[in-house]
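Here the structure comes first, spelled out in structure tokens, and everything after it is commentary.
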Amino acid sequence: MSSSKIDESTVYDLVGLGFGPANLAIAGAIVERCNSTPPGSSQIKRALFVEKHDRFRWHPGMLLPDARMQISFMKDLATLRNPQSPITFLSYLHSQDRLVSFINRGSTIPSRKEYADYLAWAAQYVQNHGIDILYGHEVIALSRGRKNSTIDIRCRNLVTGDQRVFRARDVVISPGGSARIPESLSPISEHPFVVHSSVYATSIELVLESFRASPDRPLRIAIIGSGQSATEVTLDIRDRLSAIPSTYSHEIDMIIRKGSLKPSDDSPLVNEIFNPSSTDVWFNLSSERARASTFKEYRTTNYGVVNPRTLEIINEIMYNQKLDDDIAKRQCSASSTYPRINIRCYSSILSTSLCSSVSLATDRSKTQNVDKPISIITQNVVSRAISEVKYDAVICATGYQRSSWINLLKESDIGRTLGLHTGSCSAQLVPVNGRYPRQVDSAELSTPPDSPILPLIEENHIPAPLYISRNYRLLPIKFGKPDSATSPFEPRVYLQGVEEATHGLSDTLLSVISVRAGEVVDDICRGRVEKIWMAESKL
């Protein structure tokens, strides 16, 4: 829908902040419910989603050639919730007349390119079936609406700067992740030849184009990270560098703290941690300590690990490098000039800096003639040896941070209702089970002694507790005694994709988005008004 046709006078039943896979699944569940429930039943009749991209996009920076998904196609937007949904991956294949061809591939794992196209197809489908989507806008503020019955969402057009305000009875926040740059890399992070993996595919050619202006010079590229993204980027940039002529081999250094790249554990029994039923188990764990222990146990399924198939590819490449070296040495011939991959194990980055002649300006023309402008000093954590290597470019495959939603809430008057205030530097999600009466004793809501509920007016270094329900709703806190003259805050705020600590490892992944979307939509449609009186304190 054109943004000009989206009416600000409408009071939306639901406004979604962000329109990635999580909120796309929500939109699909809304459409399904409207088509399957009888007239007069509880439905979300008007829904709007606000997205900063100018069209639907899913990780465009990592849409690398031949990159594959890490999950079955059946873990899509809908299948685990409703196999008959019109937005399943199979429905997409059927609509594109590729169902038989996909079956003949002999694999249940689609390419990343195909999965991204599936998501874009589903986004268009829900838009064609009554969901409003406002592309090219970012949400800049939230505030209470009239009589505490709605939330005002202020958005800004990223092209024109114009602002618009929409009203919603409920809000679902799906912030996604933003690039995480470790502090040791901050001195070089603004350099045009330092790229985060989240924008790698859309940025790297501009970087390499600068190097093509100085042919026959061997390049040295650093890849920071030891996970799937780091390994995929390493393989991809090796192919790209092979097209840049050089008398000597280009070098690609993977800088990792571990002793080696580690395989991800995707064995069937271990994969049960990503089952929808595991969300209940995780949420109901007795303490924060138990959740941390479980997270540590299953960390190797997702963090800092590499798919075994990808590991085999990079291992074969490095083996062939050794073979080529041995052949050249025995025959007294020149070594291969194909780009080389080196894995610098046990390397901890102490500092990074730019050469004195390099400016932080983003104009690539000012840096293209500087020989290896980026310095990285590392220490071997085993031998304690310190070394400095200079690089032409650095790719940071250093993961994502998911905290933008905290700033959005704490700067609004809604944040105070949930337990945040402007001085809160961070937040800790605290799971709350069941449905509570208007007033409860604070002891009833305490978690076990090893994970105490923190005071609401905390020092800046202490995370503010935010209470969250099993169905992903942030629960309001009432200060003081109930006052019949006080209008309760009626809108509900839901959160998606950042509850790993309370809802399990699958929360930031695609594994449970179909089931989770159904749970959120069902909870909204039940129309429950939960009054949680969790603490007594004067404002």
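The values are calculated or read from the model by the stated rules, or taken from the named source; none is laboratory data. Worth saying up front: this structure is predicted, and the values here are computed from it rather than measured. In this analysis, Cβ positions are derived from the backbone assuming ideal geometry, glycine residues included, and neighbour counts consider all displayed protein chains. Ligands, DNA and RNA are excluded from the accessible area calculation, which covers all protein heavy atoms including side chains. Shrake-Rupley method; radii C 1.70, N 1.55, O 1.52, S 1.80 Å.
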In the chain, if the dipole is taken from +1 on Lys/Arg beta carbons and -1 on Asp/Glu beta carbons about the Cα centre, which of Ile341, Ala464, Gln127 is farthest to the positive end? Ala464
What residues qualify as long-range amide H neighbours of Ala141, i.e. H under 5 Å apart, gap of 5 or more or another chain, H built at 1.01 Å from N? Arg154
Simple label model, 7 Å out from Cα along Cβ direction - Met74 to Leu350, nm: 5.3
Just to verify a number: what accessible area does His129 come out at with the full protein assembly present, 1.4 Å probe, Å² rounded to tens? 90
Would you tally the net charge around Ile256, using a Cβ to Cβ cut-off of less than 14 Å, leaving Ile256 out, and scoring K and R as +1, D and E as -1? +3
Can you tell me how the range 1-121 classifies by the Cα gyration tensor, rounded, prolate or oblate, using a/c under 1.5 as the rounded cut? oblate
Over the chain, the sum of -39500 (n - 2.57) across DSSP H runs of at least four, divided by residue number and rounded to 500 deg cm²/dmol, gives at 222 nm -8500 deg cm²/dmol
Accessible area in the full protein assembly, largest first, 1.4 Å probe, for Trp282, Trp121: Trp121, Trp282
Given a Förster radius of 30 Å and the C-beta distance between Leu99 and Thr202 as r, what FRET efficiency does 1/(1 + (r/R0)^6) yield to the nearest 0.05? 0.45
Rounded to the nearest 20 debye, what is the charge dipole size of the range 239-356 about its Cα centre when +1 sits on each Lys and Arg Cβ and -1 on each Asp and Glu Cβ? 380
Just read off the accessible area of Asp76 with the full protein assembly in place, 1.4 Å probe, to the nearest 10 Å². 0
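Of the cross-linked pairs Lys262/Lys329; Lys52/Lys410; Lys52/Lys262; Lys75/Lys410; Lys262/Lys390; Lys113/Lys390, which ones have a Cα-Cα span greater than 25 Å in the structure shown?
Lys262/Lys329; Lys52/Lys262; Lys75/Lys410; Lys262/Lys390; Lys113/Lys390
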Taking the Cα centre of the chain as the origin, how large is its charge dipole in debye, to the nearest 20, when only Lys and Arg (+1) and Asp and Glu (-1) carry charge on their Cβ atoms? 460
Take the solvent-accessible surface of the protein heavy atoms, probe 1.4 Å, and return the percent of it on the range 252-361 that carbon and sulfur atoms account for. 51
Enter the accessible area per residue of the range 198-243 (Å², integer; probe 1.4 Å; all protein chains in place). 34
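Please give the charge dipole size of the range 131-201, origin at the Cα centre, charges +1 on K and R Cβ atoms and -1 on D and E Cβ atoms. Round to the nearest 20 debye.
500
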In whole Hz, the Karplus estimates of ³J(HN,Hα) for the range 156-173 (6.51, -1.76, 1.60; θ = phi - 60°; x where Gly or Pro) are 10, 5, 6, 9, 8, x, 5, 10, 9, 10, 10, 10, 9, 6, 9, 9, 10, 9
